[in-house]
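Scroll down for the structure; my scribbles are underneath it.
The values are calculated or read from the model by the stated rules, or taken from the named source; none is laboratory data. If you're wondering where the values come from, they're calculated on a predicted model, not measured in any experiment. Here the Cβ is made from the backbone with ideal geometry for all residues, glycine too, and neighbour counts use every protein chain on show.
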C-alpha cells in the first residue's frame with residue numbers, strides 16, 4: 001500500500017518535471033512568435049509593394065508632375081513639397097529641441113517648472129497627429145492668415161516632432177559624464193561654457209540622430225498635412241514659403257484612393273520611393289549613432 | 001585634445017563680466033525655447049475650444065454626446081458623435097487585441113530570451129513597424145489584406161471594413177507595447193530572478209511568475225498608451241475603413257472613425273466658418289480629451305503600481 005502511494009507520487013513528480021522541461025522550450029518558442037509576426041508582416045508588406053510597384057519605377061515618377069493619366073504621372077511637386085516642408089520643419093524643430101533639452105538638463109535643475117516643462121513635452125507627444133492638423137488649420141492657416149502654405153505645414157510638423165526629438169536630446173545629454181562637467185566648473189567655467197565646450201561636442205552626434213529620426217517621422221506624416229493643405233492637385237514647384245503644396249504621403253493617398261489598377265501600381269511605385277528615402281535616413285541615423293558610441297568607448 | 005586647449009584659451013581671453021553676460025543671454029534663450037512646447041499646448045487647447053464654442057452654439061452638447069446620427073456632410077445635418085466614437089473604439093479595441101499578445105510576446109522574447117546580438121538586431125526590426133508611414137499600411141489593408149487575405153476567411157467582407165483597419169492599426173501600435181513592456185521587464189531587478197532560480201524555478205517560471213507580474217504596471221501602461229495611439233490613427237482608417245458614419249457593431253462593414261471624419265472633411269475642403277468646418281474642431285477636441293485622459297491614466301498606472309525596489 002505505502003509502496004504504491006510512494007510510486008504514484010514519484011510518477012506524478014516525474015510527469016511534472018517533464019512538463020516543466022517541455023514548458024521551458026515552449027514558452028520561449030511562443031514568445032519568439034511575437035517577433036516572428038513582426039518580421040513576417042514587414043517582409044510580406046515589402047514583397048507586395050515591390051511586386052505591385054517595381055514595374056512602374058521610372059525617372060518620370062520622380063521628375064513629372066501628377067496627371068490624370070497614371071502612365072505619365074509623377075510625384076515631382078510632392079517630392080519638392082516634402083523637401084521644403086519637412087526640411088523647414090527640421091530647421092525649426094532641431095535647434096528648439098536641443099535648446100529645450102539643454103535648458104531642462106543644465107539650467108533648470110529639479111525646480112518645479114522644469115517638471116512642468118517635462119510634463120508638457122510628454123503631453124504634447126500624446127496629442128494625435130490629426131489634431132495637430134486641425135489646430136494648424138485653425139491657428140496658422142486662418143488665425144494667423146498664413147494660408148494653406150508651406151510655412152503653415154512646416155510649423156505644424158515642427159511642433160509635432162518637437163517632443164520626440166527633445167526626448168532624444170535629453171538622453172544624449174545624460175550620456176555626458178558628470179565628472180567632466182564638474183571638472184570644467186571647478187576650473188571656473190560658466191554653465192554656458194560647460195554646455196558649449198563639454199556637453200554639446202559630446203552629445204551632438206546623438207542629438208543629430210534624434211533630429212534625423214524626427215525628420216523621417218515628419219516625412220511619413222499624411223494626416224496633419226491633409227488637413228492643412230487639403231487634397232490638392234498641384235502641377236507646380238513650391239517657390240516660396242507661402243506657396244500651396246502637397247507632400248509625398250498625400251500624393252500617395254490621392255493615388256491610393258483611385259480604384260484603377262494603374263493607379264494602384266503608381267501608388268506602389270511611389271511607396272517604394274518614400275520607403276527608400278526613409279531607409280536612407282534611418283541608415284544615416286544608425287551610422288551616426290554607432291560612430292557616437294565608438295567615440296564614447298574610446299573616451 | 002586640441003578642442004580642450006582652445007577652449008581654455010578662449011575662456012581666459014574674456015573678462016568674467018562678459019562671460020557671465022553671455023551665460024545669462026544663453027540661459028534666457030534656452031528658457032524661451034523650452035517654453036515653446038508649453039505655448040503649443042496652450043494654442044492647441046485654445047484653438048480647439050474657441051471653434052468648438054461656436055460649434056456648440058448651433059448644436060447642443062447633449063445632442064453631440066448622445067446623438068446616434070452623424071450626417072455632418074449631408075443637407076439635413078445631425079451631429080451625434082456616437083457612430084464615430086463607436087467606430088473609433090471598435091477599431092482601437094481590435095488593434096489592442098492584436099498588439100497586446102504579439103507585443104508582449106515579443107517583449108518577453110527580447111528581454112528574457114534573446115542574446116545581446118539577437119536583441120540588437122531584432123528590436124530595431126520590431127520598431128520599424130511604427131516607422132512605416134501609415135498611408136502604406138492603408139494601401140496594404142485596402143489592396144492586399146482585405147481582398148486577398150481576409151476575404152478568404154470571411155467571403156462577405158466589405159471592401160472597406162473595420163476589421164482590416166483594426167488589424168493594421170494593431171500592427172502599427174504593436175511596437176509601443178513591445179518596447180515599453182521590454183523596458184518594464186528589463187527594469188525588474190536581477191535579484192528577484194536569482195531568488196526564484198535559487199528556489200529551483202525553471203526559466204519559464206521565473207519569466208511568467210516573477211518577471212511579468214513585477215513588470216505588470218509597465219505592461220498595462222503600454223497597452224493603455226497603445227490604445228490611445230490607435231484612437232488617433234487617421235490614414236489607415238480613412239483609406240481602408242470607408243467614410244460611412246453608421247452606428248454598427250459589424251466589423252465586416254465600413255465605418256467611419258473620428259480621425260477619418262476629419263480626413264474626409266479635409267479632403268472635401270469645408271469653407272472656413274461653416275458648421276462642417278467648426279465640427280472638425282469639436283471632433284478634434286473630443287478626440288484629444290479622450291486620448292489625453294488615457295495617457296494620464298497610463299502614466300498614473302505606472303506611478304501607482306510600480307513596486308519600489
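Does the stretch A:253-274 contain at least one residue that is under 26 Å from residue A:122 (Cβ atoms) and within 11 Å of another protein chain (Cβ to nearest Cβ)? Checked the stretch A:253-274: no residue is under 26 Å from residue A:122 (Cβ atoms) and within 11 Å of another protein chain (Cβ to nearest Cβ). Filtering the stretch A:118-155 to residues that are within 9 Å of residue A:228 (Cβ to Cβ), in contact with a helix residue (DSSP H, G or I) (Cβ under 7 Å, 6 or more places away or on another chain) and more than 10 Å from every other protein chain (Cβ to nearest Cβ) leaves A:152, A:153.
Every residue, every condition in (1) in a helix (DSSP H, G or I); (2) in contact (Cβ under 8 Å) with a residue 60 or more places away in the chain, yes or no:
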| position | (1), (2) |
| --- | --- |
| A:153 | yes, yes |
| A:176 | no, no |
| A:181 | yes, no |
| A:188 | no, no |
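Per-residue answers, yes or no, for (1) in contact with a strand residue (DSSP E or B) (Cβ under 7 Å, 6 or more places away or on another chain); (2) outside the structural domain of residue B:282 (by TED's automatic domain parsing); (3) modelled with pLDDT of 95 or more:
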residue: B:8; (1), (2), (3): no, yes, no
residue: B:20; (1), (2), (3): no, yes, no
residue: B:23; (1), (2), (3): no, yes, no
residue: B:52; (1), (2), (3): no, yes, yes
residue: B:69; (1), (2), (3): no, yes, no
residue: B:75; (1), (2), (3): no, yes, no
residue: B:92; (1), (2), (3): no, no, yes
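In the stretch A:9-20 there is no residue matching the filter, namely being facing another protein chain (nearest Cβ under 10 Å) and under 27 Å from residue B:98 (Cβ atoms). Every condition in (1) away from every other protein chain (no Cβ under 14 Å); (2) within 21 Å of the chain's Cα centre (by Cα); (3) surrounded by fewer than 19 Cβ atoms within 10 Å (Cβ to Cβ) holds for residue B:193 except the one numbered (2). Against the criterion of being free of Cβ contacts under 8 Å to residues at least 40 places away in the same chain and surrounded by 16 or more Cβ atoms within 10 Å (Cβ to Cβ), residue B:266 qualifies. Of all residues in the stretch B:199-207, one or more are touching a residue at least 24 places away in the same chain (Cβ under 8 Å), facing another protein chain (nearest Cβ under 10 Å) and within 28 Å of residue B:295 (Cα to Cα).
Would you point out which residue out of B:52, B:34, B:28 is touching a residue at least 60 places away in the same chain (Cβ under 8 Å) and either part of a helix (DSSP H, G or I) or more than 14 Å from chain A (Cβ to nearest Cβ) (or both)? Show your work before the answer.
Details: B:34 fails: touching a residue at least 60 places away in the same chain (Cβ under 8 Å); B:28 fails: touching a residue at least 60 places away in the same chain (Cβ under 8 Å).
Residue meeting the stated conditions: B:52.
A quick yes/no check of all residues on (1) in contact (Cβ under 8 Å) with a residue 40 or more places away in the chain; (2) facing chain A (nearest Cβ under 9 Å); (3) within 30 Å of residue B:211 (Cβ to Cβ); (4) in contact with a strand residue (DSSP E or B) (Cβ under 9 Å, 6 or more places away or on another chain):
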{"site": "B:95", "(1), (2), (3), (4)": "yes, no, yes, no"}
{"site": "B:108", "(1), (2), (3), (4)": "yes, yes, yes, no"}
{"site": "B:115", "(1), (2), (3), (4)": "no, no, yes, no"}
{"site": "B:147", "(1), (2), (3), (4)": "no, no, no, no"}
{"site": "B:151", "(1), (2), (3), (4)": "no, no, no, no"}
{"site": "B:177", "(1), (2), (3), (4)": "yes, no, yes, no"}
{"site": "B:180", "(1), (2), (3), (4)": "yes, no, yes, no"}
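From the list A:201, A:205, A:259, A:224, the lone residue that is assigned to a loop (DSSP other than H, G, I, E, B) and assigned by TED's automatic domain parsing to the domain that holds residue A:171 is A:259. May I ask you to list the residues in the stretch A:64-92 that are crowded, with 18+ Cβ neighbours inside 10 Å and free of Cβ contacts under 8 Å to residues at least 24 places away in the same chain? A:74 - this is the single residue of the stretch A:64-92 that is crowded, with 18+ Cβ neighbours inside 10 Å and free of Cβ contacts under 8 Å to residues at least 24 places away in the same chain. Filtering B:119, B:151 for residues that are surrounded by 14 or more Cβ atoms within 10 Å (Cβ to Cβ), under 23 Å from residue A:25 (Cβ atoms) and at pLDDT below 95 leaves a single hit, B:119. If you go through the stretch B:269-309 and keep only what is farther than 21 Å from residue B:80 by Cα and either surrounded by 24 or more Cβ atoms within 10 Å (Cβ to Cβ) or facing another protein chain (nearest Cβ under 7 Å) (or both), you end up with B:269, B:272, B:292, B:295.
Mind listing just one residue for me: the one in the stretch A:30-71 that is out of contact with any helix residue (DSSP H, G or I) (no Cβ under 7 Å at 6 or more places or on another chain) and assigned to a loop (DSSP other than H, G, I, E, B) and, of those, nearest to the other protein chains (Cβ to nearest Cβ)? The qualifying residue nearest to the other protein chains (Cβ to nearest Cβ) is A:68. Within the stretch A:174-192, the residues that satisfy the criterion of being within 14 Å of another protein chain (Cβ to nearest Cβ) and over 32 Å from the mean Cα position of the chain (by Cα) are A:183, A:184, A:185, A:186, A:187, A:188, A:189, A:190.
Output the number of the condition that residue A:138 fails; it satisfies all remaining conditions of (1) crowded, with 21+ Cβ neighbours inside 10 Å; (2) free of Cβ contacts under 8 Å to residues at least 24 places away in the same chain; (3) outside any helix (DSSP H, G or I). For residue A:138, the exception is condition (3).
Would a scan of the stretch B:161-175 turn up a residue that is within 21 Å of residue A:27 (Cβ to Cβ), part of a helix (DSSP H, G or I) and over 18 Å from the mean Cα position of the chain (by Cα)?
no
Can you confirm whether residue A:95 is part of a helix (DSSP H, G or I) and either at pLDDT below 90 or surrounded by fewer than 19 Cβ atoms within 10 Å (Cβ to Cβ) (or both)? Yes. Of the residues screened, residue A:196 is not one that is over 23 Å from residue A:125 (Cβ atoms), in a helix (DSSP H, G or I), more than 11 Å from chain B (Cβ to nearest Cβ) and out of contact with any strand residue (DSSP E or B) (no Cβ under 8 Å at 6 or more places or on another chain). Residue A:65 passes every criterion in (1) over 20 Å from residue A:279 (Cβ atoms); (2) not assigned by TED's automatic domain parsing to the domain that holds residue A:238 apart from (2).
Look at (1) surrounded by fewer than 19 Cβ atoms within 10 Å (Cβ to Cβ); (2) modelled with pLDDT of 95 or more and you find that residue A:153 fails only one, number (1).
Have a look at A:241, A:281, A:288 and point out the one that is touching a helix residue (DSSP H, G or I) at 6+ places or on another chain (Cβ under 9 Å), within 30 Å of residue A:200 (Cα to Cα), in contact (Cβ under 8 Å) with a residue 12 or more places away in the chain and surrounded by fewer than 18 Cβ atoms within 10 Å (Cβ to Cβ).
On the way: A:241 fails: within 30 Å of residue A:200 (Cα to Cα); A:288 fails: surrounded by fewer than 18 Cβ atoms within 10 Å (Cβ to Cβ).
One residue alone meets the criteria, A:281.
Taken residue by residue, the stretch A:113-131 has at least one member that is touching a residue at least 60 places away in the same chain (Cβ under 8 Å), in a helix (DSSP H, G or I) and within 22 Å of residue A:218 (Cα to Cα).
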